[in-house]
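To keep things clear, I will list the structure first and then write my remarks on it.
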Amino acid sequence: MITTILLMAAITFGSRYLFLHRALPFRVGAKMQRFLSFSAPAVLTAIWVPIVVLPGNQWQLSYQNPYLVAALVAIITAYKSHSIYATTLLSMAVFFALR
Amino acid sequence: MSKSTHIKRGTKLQQKAFIKGQLDMMPLNLAVLPWGLLCGSLAMQNGFTLIEAQLMSLLVFAGSAQLVAIELIANDTPLLTIAITTFIISSRHFLYGLAIRQKVIAQPLRWRLPVSFVLTDELFAFSHHPKAYQTKARLIYALSAGFSFYVAWNIWTLLGIVAGQLLPDLTNLGLDFAIATTFIALVIPAIKNWATLACVLASGISAAVLKSWQVELWLVFSALIGMSVGYVLSRGRVR
């Protein structure tokens with residue numbers, strides 16, 4: 001068990017450290033940097049969208065899906081308020097009210 | 001200005017950076033509570049000892065990889081399969097390292113090591129300031145945020161370990177919505193032009209489709225699709 005945990009730790013840390021290693025002989029050029037500037041919105045969205053539209057790994061594009069409705073509330077609140085607290089609190093309230 | 005007032009100013013700035021890091025990460029620390037609890041209690045249900053369950057969060061510090069691995073370990077999956085699965089789930093981190101490389105690479109190893117240790121999805125979400133990681137205050141900000149998330153993750157895991165049996169079945173409560181809404185709150189205000197909007201739409205749609213097709217690398221593939229769309233649409237535009 002400990003071996004498994006250490007191996008996993010090495011893989012996870014390796015994946016996080018690799019490109020911060022100086023001996024890797026390359027520079028991220030301007031074009032590459034522009035490509036990478038989209039990585040945060042792209043990855044974060046790729047994480048939250050499936051949670052919302054595929055709860056339990058099933059497509060649920062319906063107003064009866066509390067994840068979807070509450071996510072729409074979150075999107076509108078985030079757009080209007082730019083506040084992480086307003087967005088999360090309001091949408092969580094809607095989510096639990098609908099469940 | 002005398003040297004000592006310079007130093008005082010610097011210290012003040014670093015204290016501010018530390019506090020801001022703690023405050024900015026706080027909502028995310030709360031949002032992962034259900035996942036941390038789940039990691040702790042699931043490990044115990046599947047025959048981990050207390051030490052093993054906690055060590056996993058202390059050393060691996062990667063929620064989705066941990067949850068999947070606990071199931072695999074419980075099913076006596078071969079070590080190689082666990083390693084490959086962990087690698088696939090962790091592969092998005094390559095993207096994070098690449099994205100912050102030019103900002104961090106000039107820093108000495110004693111800064112780069114802790115930064116990479118806490119380079120989670122959550123910290124990466126706070127890494128986009130053009131000057132991120134490039135001043136002492138900004139490094140302290142990042143490490144403060146990153147390690148506050150580490151501490152929270154481990155406290156939630158411990159809570160799951162010791163109180164897992166007392167808690168209701170977490171898997172059916174829909175608590176995964178907490179992380180979805182926090183990410184929405186981080187992404188939506190960052191959409192400031194059509195290229196980013198298109199990037200987000202492309203990545204979200206392809207993530208749902210690829211995941212529903214059970215493509216192993218759905219997360220990385222959909223992120224790359226979104227980034228490509230954003231890149232193409234932003235070409236020729238002055239940054």
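General remarks:
- Complete set of residues in the range B:199-223 that are more than 8 Å from every other protein chain (Cβ to nearest Cβ) and open to solvent by 60 Å² or more (accessible area, probe 1.4 Å): B:201, B:213, B:214, B:216, B:221
- Within the range B:206-226, being over 10 Å from residue A:46 (Cβ atoms) and at pLDDT 95 or above holds for B:209, B:212, B:213.
- Residue within the range B:155-172 that is outside any helix (DSSP H, G or I) and within 13 Å of another protein chain (Cβ to nearest Cβ) present: no
- Meets criteria (under 18 Å from the mean Cα position of the chain (by Cα), over 18 Å from residue A:19 (Cα atoms) and either more than 10 Å from chain A (Cβ to nearest Cβ) or without any contact (Cβ under 8 Å) to a residue 12 or more places away in the chain (or both)) for residue B:137: no
- Candidates are the residues of the range B:20-79 that are polar (S, T, N, Q) and within 16 Å of the chain's Cα centre (by Cα); the one that is surrounded by the most Cβ atoms within 10 Å (Cβ to Cβ) is B:66.
- Of the helices (runs of 4 or more DSSP H) lying entirely inside the range A:1-96, those containing at least 1 residues that are of a type in the set (A, V, I, L, M) and surrounded by fewer than 18 Cβ atoms within 10 Å (Cβ to Cβ) span A:2-17, A:30-36, A:66-81.
- You will find that of B:206, B:144, the residue that is outside the structural domain of residue B:43 (by TED's automatic domain parsing) and hydroxyl-bearing (Ser, Thr, Tyr) is B:206 and no other.
- Hey, residue B:43 hydrophobic (A, V, I, L, M, F, W, C) and more than 9 Å from chain A (Cβ to nearest Cβ) or not: yes
- Residues being on the phi < 0 side of the Ramachandran plot, hydroxyl-bearing (Ser, Thr, Tyr) and in contact (Cβ under 8 Å) with a residue 12 or more places away in the chain are represented in the range B:184-196 by at least one member.
The values are calculated or read from the model by the stated rules, or taken from the named source; none is laboratory data. Given the structure is predicted, the values throughout are model-derived calculations rather than measurements. Backbone-built Cβ (ideal geometry, glycine too); neighbour counts: all protein chains shown. Note: areas computed on protein heavy atoms with side chains; ligands, DNA, RNA excluded. Shrake-Rupley method; radii C 1.70, N 1.55, O 1.52, S 1.80 Å.
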